[in-house]
1. Non-local amide H neighbours of LYS22 (under 5 Å, H modeled in plane, Pro and chain starts lacking H): which ones?
2. Rounded to a whole number, what is D in µm²/s for region 36-89 from Stokes-Einstein with the Kirkwood radius over alpha-carbon pairs (37 °C, 0.692 mPa s)?
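Only the coordinates and a few stated rules stand behind these numbers; no lab work does. Just so it is clear, the model here is predicted, and its values are computed rather than measured.
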Amino acid sequence: MKATKWARERFTYKAFKKGDFKAPHKAILLLIAVVRALHGEDRLTHYSDLDAEFQRLWRLFGSGSGTSTHYPFWYLRNDVKGRLWEVPHSEALLSLLGDRKRKKDVPHRLLVESPLAMAGFPQELHEQLVRFRRRTVENVAPYLLEQSFPASMHSEVLDALCPSCWDAGVPRWDGPGMAGGVCTIVQPSCSGGAS
C-alpha cells in the first residue's frame, strides 16, 4: 500500500538504516502509541507501560537479544521538527541528572522511577489519529511498517499489536472487537494475553 502524503509528512522519522530498512526501535514504539490512540487510551503514557509492551514486541520482531526502550522514547522527540513525539517534562527529567556528562541521554532507571517520564503524540496529532481512525489503520500503521520491516512481516507485526484490529494484516472493520472501525478492546496490550 502506498502511504498517503499525510502519513509521510508526519511519520517519517530518523533512524539508523541498514540496507533498505531503518532500525525498528522507533517504529515499534510508534506502532504501540498508534494502537493506544485507536483504543481511545490517554495520549501520554508512562515510560514503564510503554517499555513493557515494547519489550514484548521486541522479543518477537527485533533483531538481536535485547534493547532498551529509553532510546526511542527519548530521541523521537527530536524527529519531524518535534511534531511527532512529545516528552512534556523533558527539561525536568534532564535536571534530575545533575552533573552527568551526557545530559542528552536520560537513563532507563530514571525513566522507570520518575512520575514525570510520560510521552506520546502531540495533542493535535493524537486527535487526528483518533478522529480519522480508518486513515490511521489503513495508512499510518502500514507506513511505519514499510520503513522498518520487510513486507513479509507486516501481517505478523500488526496481528501481534492488536489481533482484534487486524486479520493477517487486513483491517477488521466488522470483526470481533471492532465497532464502526474502532477497536473496542481497550486494554494495555491488545495481544490477548500473549507474551
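1. Here SER148 satisfy the definition.
2. Details: Rh = 12.4 Å.
The Stokes-Einstein estimate is 264 µm²/s.
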